[in-house]
1. For S119 and Q59, what does the FRET efficiency come to when R0 = 35 Å and r is the distance between their Cβ atoms, rounded to the nearest 0.05?
2. What's the FRET efficiency of F112 with D46 using the Cβ-Cβ distance as r and R₀ = 25 Å, to the nearest 0.05?
3. Per the Debye formula with a single identical scatterer at each Cα and no solvent contribution, what log10 I(q)/I(0) holds for segment 48-121 at q = 0.11, 0.18, 0.21, 0.22 Å⁻¹?
4. From the phi of every residue in segment 103-110, what ³J(HN,Hα) in whole Hz does the Karplus formula 6.51 cos²θ - 1.76 cosθ + 1.60 yield, where θ is phi - 60° and glycine or proline is x?
Amino acid sequence: MYYTPLLQHIYNTILLVIYDIIIFAIDRNKFINAMNNFSNWYVMTDSAIIKEIGKGIRQVRLNKNISQEKLSNMSGVDRVTISRMESGRVTTLITFVQILRSLDILDRLNIFKQELEISPIKLLEMQEKKRKKASSARPKDNFIL
């Protein structure tokens, strides 16, 4: 059966929507779990954020099959301090860095590294100031009086 391009587009769109509904119905549990695991950092209290970070550290440690005792030996941080960190208690920044280094996840700090960005206007101004060509040498005035 021949469809005009518009009808074909509408037909394809409807098929995609139906497909999405079916997939959503099948994966709705995955979707619900994903939404429950989503953390909106801006609405969380400081202590809730620290607890989430501690849970994340704990999960990374467990995923790497490292005990708190072994992590303590690797990082030089006391096991009790690691336990406190994982349970959401406040710790020092240096302890946090030592733990990240021992778990080999220091690269997660890259989010804090900001590259210097030059605005387009400033870039244009800088390009205008650049010399476009060399000028000819001017003769020096050597007058003898």
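A short reminder: the numbers here are calculations on the coordinates, not readings from a lab. This one's a predicted model, so the numbers in the text were calculated from it and none came from an experiment. Note: ideal-geometry Cβ built from the backbone for every residue, glycine included; neighbour counts use all protein chains shown.
1. With a Förster radius of 35 Å, E is 0.30.
2. 0.90
3. The computed values of log10 I(q)/I(0) come out as -0.31, -0.67, -0.87, -0.95.
4. 7, 6, 10, 4, 4, 5, 7, 4
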